[in-house]
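Everything below concerns the one structure shown next.
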Amino acid sequence: SFELRARFGIPKKGPIDDKMARTLKHAYLACVSYIDAQVGKMINALEKEGLRENTVIILWSDHGWHLGDMGIWGKATNYEISTRVPLIVWTPDMEESVRGKRTKALVELVDMYPTLCDLAGVPMPAHLMGQSLEPQLKNPDAEGQGYAFSKWEDGLSLITDDYAYTAWMPGPDSVAARMLFDLRQDPKQMNNLAGQAAYQELTDILHQQMLRVR
């Protein structure tokens, strides 16, 4: 956990004792409470200025720290805990019946750009990789995309409804993961039938690998 070891007062090696762990978690929760208060101030300011009913609000963040989970205190991993982030959307046109509800649909942060385009009535650029979340904002039970990706350094995470798969690259078992990620980065490939066929083939390969390691 290099992010933690570089801080003042943290031992450079060895375990984090119970007293230190309690202090770290206490400080972490204090930070979360502080940010929560700032969000409230921002929304109050929008209401005071009469802008609330003409503003789309999207709240998201980086993923959090492991805080000792799996022996890791920092955050830079490809494990499932690092592939989940807060993502809250509010729109003036959102139906009262769906406000405050959660969706189980798989989404990615690259989906925010096309979502804002849809909600603001702005033409969507052709190069965008994500997909609009407007269907989920109208109906939280609407089906989302089949896969979500997260990449950090030499690893790639692939999340599906049933599996969380992490491939560490380079390596013979991660060829499909690397090819899949590279393909996903090229919108021109994803916008033609050959690219879509390759995408499906690679996801099938990874799915079989997940079945073996489940």
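General remarks:
- Among the residues of the stretch 29-63, those identified as assigned to a strand (DSSP E or B) and either touching a Cys at 6+ places or on another chain (Cβ under 8 Å) or open to solvent by 50 Å² or more (accessible area, probe 1.4 Å) (or both) are Leu59, Trp60.
- Here is the figure for the stretch 6-28: residues that are part of a helix (DSSP H, G or I) and without any contact (Cβ under 8 Å) to a residue 24 or more places away in the chain total 7.
- The residues on offer are Ala105, Ala120, and the sole one that is aliphatic (A, V, I, L, M) and more than 25 Å from Ile159 (Cα to Cα) is Ala120.
- Any chance Tyr79 is under 30 Å from Thr160 (Cβ atoms), hydroxyl-bearing (Ser, Thr, Tyr) and at pLDDT below 90: yes
- Failed criterion for Lys12 (all others in (1) modelled with pLDDT of 90 or more; (2) open to solvent by 40 Å² or more (accessible area, probe 1.4 Å); (3) more than 19 Å from the chain's Cα centre (by Cα) hold): (1)
- Qualifying residue in the stretch 105-112 (condition: open to solvent by less than 50 Å² (accessible area, probe 1.4 Å), at pLDDT 90 or above, in contact with a Ser or Thr (Cβ under 8 Å, 6 or more places away or on another chain) and among the hydrophobic types (A, V, I, L, M, F, W, C)): no
- Search result, residues across the stretch 64-81 that are of a type in the set (Gly, Ala, Ser) and in a loop (DSSP other than H, G, I, E, B): Gly64, Gly68, Gly74, Ala76
- Residue that is at pLDDT below 90, surrounded by fewer than 17 Cβ atoms within 10 Å (Cβ to Cβ) and of a type in the set (Ser, Thr, Tyr), where the choices are Tyr147, Tyr163: Tyr163
The values are calculated or read from the model by the stated rules, or taken from the named source; none is laboratory data. Keep in mind the model is a prediction, meaning the values are calculated, not measured. Counting neighbours? That spans all protein chains shown, and the Cβs are built from the backbone with ideal geometry, glycine included. With ligands, DNA and RNA removed, areas are computed over all heavy atoms of the protein, side chains included. Shrake-Rupley method; radii C 1.70, N 1.55, O 1.52, S 1.80 Å.
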